[in-house]
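The values are calculated or read from the model by the stated rules, or taken from the named source; none is laboratory data. If you're wondering where the values come from, they're calculated on a predicted model, not measured in any experiment. Using ideal geometry, Cβ is built from the backbone for each residue, glycine included, and neighbour counts are taken over all protein chains shown. For the accessible areas, the whole protein counts, side chains as well, though only heavy atoms, and no ligand, DNA or RNA atoms are used. Shrake-Rupley method; radii C 1.70, N 1.55, O 1.52, S 1.80 Å.
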Amino acid sequence: MTKIVLFWHRRDLRQHDNAGLTAALQSGLPVVPLFIYDREILDLLPSRRDARVTFIYDEVERLARQTEQAGGTFLAEYGRPLAVFEALLGRYEVAAVYTNEDYEPYAAVRDAAVAELLARHGAGLHSFKDQVIFAKNELLGKSGKPAKVFGAYSKAWLAAVQDEHLAPYPSQELYREANLVRLPEAAPRPTLEQMNFVRHEQQVPAAELPDEELVRNYHNTRDKPGLINSSTRRSVHLRFGTLSVRELMRQARALNPKLLNELIWRDYFMMLLWHYPFTATESYDPRLRNVPYRNNEAEFQAWCEGRTGYPLVDAGMRELNQTGYMPNRARIAAAGFLVKHLLIDWRWGDRYFADKLLDYDMAQNVGNWQWMAGTGVVAAPWFRVYSPQSQQEQYDPSFAYVWQWIPEFGTCEYPKPIVDHKFARERAIATFRAAYQARE
Ligand SMILES: Cc1cc2nc3c(=O)[nH]c(=O)nc-3n(C[C@H](O)[C@H](O)[C@H](O)COP(=O)(O)OP(=O)(O)OC[C@H]3O[C@@H](n4cnc5c(N)ncnc54)[C@H](O)[C@@H]3O)c2cc1C
């Protein structure tokens, strides 16, 4: 039996500029790329019509076709990772598994278990940093812990970054017959139907760098959700690795520091989740772990469906429900409104976004939700309650965004505000203050 190396794709569905794939292709052994449709994740999805699963499926099939054209075999397996690896170790002589690091709490546990299993079979798990520029402990503050102020982190990031951090890896050039292997006995790849999913496509931009003009103008347009191209819309590609973050960072570094700054936020939140995995489900600030949220089910439903009577919030939620995307400004308005105006636990909103967002990423979602709720490692002050009306006037003054998503806006069919802003603001501040002071 030929000794092989497996390259395990996870959040990096691309052949070009891929750190772990490059290392695998340089290992001297033939490489078999692998994707696992992980039942630990898929079985928990609330719908079998999930656009993210369709997206992943199409990308995996694309990678598989490209691998076959290059003279190799691409394995796609449906199951639980440990069981899949047990089976593969029985079928092939696996010398090692290469992969890229994944910083989510579930991934850390899964990878440790896989590493242990492989070690028992005399094979190693080799992980590489790929989806961020600085990871884990690379950019800690003076205290030896992550900086708790984004400004300090971004300053350190900008001081540390060198051209080589953003340089592309030559995985595409190495992806050729000599470094791959054809496995004639490989099992057929599962179809969406065999995994019990129904095809559900959503429109996403091509996995290419955004237009240069858009990037040059980004700081002027990013907060105008009514514009067609207000931001890059590349979050889904960064989430699934169909675009390399290094490519986008290089473009941002050359053309627009504001865009680079947003991408540094992404690195920052990934580092924070790795250091504080409990924040996935718990407020970081212990003083705000027992806020007596109202958690009114009917009001939550109105928020989910975009029926709060606050048009920027409602337009955002309706866009999310219909397309799986929401511009950052609308996410801010919707999140702030849920937590402060309706006094609903940020975790309810975090879960709803997790089910709906095409670009859902635990680190970014939890980091931003906790920021908005005032409970996070980095957080807006707990007493900040944005006025939905001022946000509307500032970011969508002509209601261009609102008209796109709320056709009945301005008619008597559009609901009246679910709560008065002044009343809700005072109630939120009093509630948060009481929770805060009780734990001081
Ligand atoms: C409550 C809330 C929840 C969010 N949940 C997610 C999520 O699950 N997944 C996700 O990718 N982003 C999330 N964001 C961040 C941000 O809204 C999206 O990344 C952005 O809207 C995606 O659109 P874009 O690609 O056009 O972004 P652009 O404005 O073009 O920015 C380029 C890239 O920078 C990164 N970025 C931009 N803003 C942020 C930010 N505030 N925090 C971290 N990274 C950022 C993203 O990777 C984004 O694709 C959330 C924001 C809020 C307020």
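Data overview
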{"quantity": "Helices (runs of 4 or more DSSP H) contained entirely in the stretch 309-357, each with at least 3 residues that are at pLDDT 95 or above, near the ligand (Cβ under 9 Å from one of its atoms) and open to solvent by 10 Å² or more (accessible area, probe 1.4 Å)", "calculated": "328-336"}
{"quantity": "Single residue of Arg10, Arg49 found to be surrounded by 19 or more Cβ atoms within 10 Å (Cβ to Cβ), within 26 Å of Ala206 (Cβ to Cβ) and at pLDDT 95 or above", "calculated": "Arg10"}
{"quantity": "Subset of the stretch 208-222 (residues that are near the ligand (Cβ under 9 Å from one of its atoms) and open to solvent by 20 Å² or more (accessible area, probe 1.4 Å))", "calculated": "Leu214, Arg222"}
{"quantity": "Condition met for Ser283 (touching a residue at least 60 places away in the same chain (Cβ under 8 Å), within 25 Å of Ala19 (Cα to Cα), open to solvent by less than 20 Å² (accessible area, probe 1.4 Å) and more than 9 Å from the ligand (Cβ to nearest atom))", "calculated": "no"}
{"quantity": "Subset tally (residues that are open to solvent by 20 Å² or more (accessible area, probe 1.4 Å) and without any contact (Cβ under 8 Å) to a residue 40 or more places away in the chain) for the stretch 112-137", "calculated": "11"}
{"quantity": "Odd one out for Met362 among (1) touching a Lys or Arg at 6+ places or on another chain (Cβ under 9 Å); (2) within 10 Å of the ligand (Cβ to nearest atom); (3) more than 22 Å from Asp223 (Cβ to Cβ)", "calculated": "(1)"}
{"quantity": "Residue in the stretch 423-431 that is open to solvent by less than 20 Å² (accessible area, probe 1.4 Å), more than 15 Å from the ligand (Cβ to nearest atom) and more than 25 Å from Gln202 (Cα to Cα) present", "calculated": "yes"}
{"quantity": "Test: Val84 is assigned to a helix (DSSP H, G or I) and in contact (Cβ under 8 Å) with a residue 60 or more places away in the chain", "calculated": "no"}
{"quantity": "Residues of the stretch 401-422 that turn out to be assigned to a helix (DSSP H, G or I), open to solvent by less than 50 Å² (accessible area, probe 1.4 Å) and farther than 30 Å from Phe383 by Cβ, as a count", "calculated": "1"}
{"quantity": "Some residue of the stretch 177-187 being open to solvent by less than 60 Å² (accessible area, probe 1.4 Å) and either in the same structural domain as Ala379 (by TED's automatic domain parsing) or assigned to a helix (DSSP H, G or I) (or both)", "calculated": "yes"}
{"quantity": "Residue match in the stretch 164-177 (condition: in contact with an Asp or Glu (Cβ under 6 Å, 6 or more places away or on another chain) and touching a residue at least 40 places away in the same chain (Cβ under 8 Å))", "calculated": "yes"}
{"quantity": "The one condition in (1) at pLDDT 95 or above; (2) within 13 Å of the ligand (Cβ to nearest atom) that Glu408 fails to fulfil", "calculated": "(2)"}
{"quantity": "Complete set of residues in the stretch 237-278 that are buried (at least 22 other Cβ atoms within 10 Å of the Cβ), small (Gly, Ala, Ser) and touching a residue at least 60 places away in the same chain (Cβ under 8 Å)", "calculated": "Ser244"}
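Table: residues versus (1) closer than 24 Å to Ser27 by Cβ; (2) aromatic (Phe, Trp, Tyr); (3) more than 26 Å from the chain's Cα centre (by Cα); (4) open to solvent by less than 30 Å² (accessible area, probe 1.4 Å).
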position	(1), (2), (3), (4)
Asp58	no, no, no, no
Pro81	yes, no, no, yes
Gly90	yes, no, yes, no
Val94	yes, no, yes, yes
Glu104	no, no, no, no
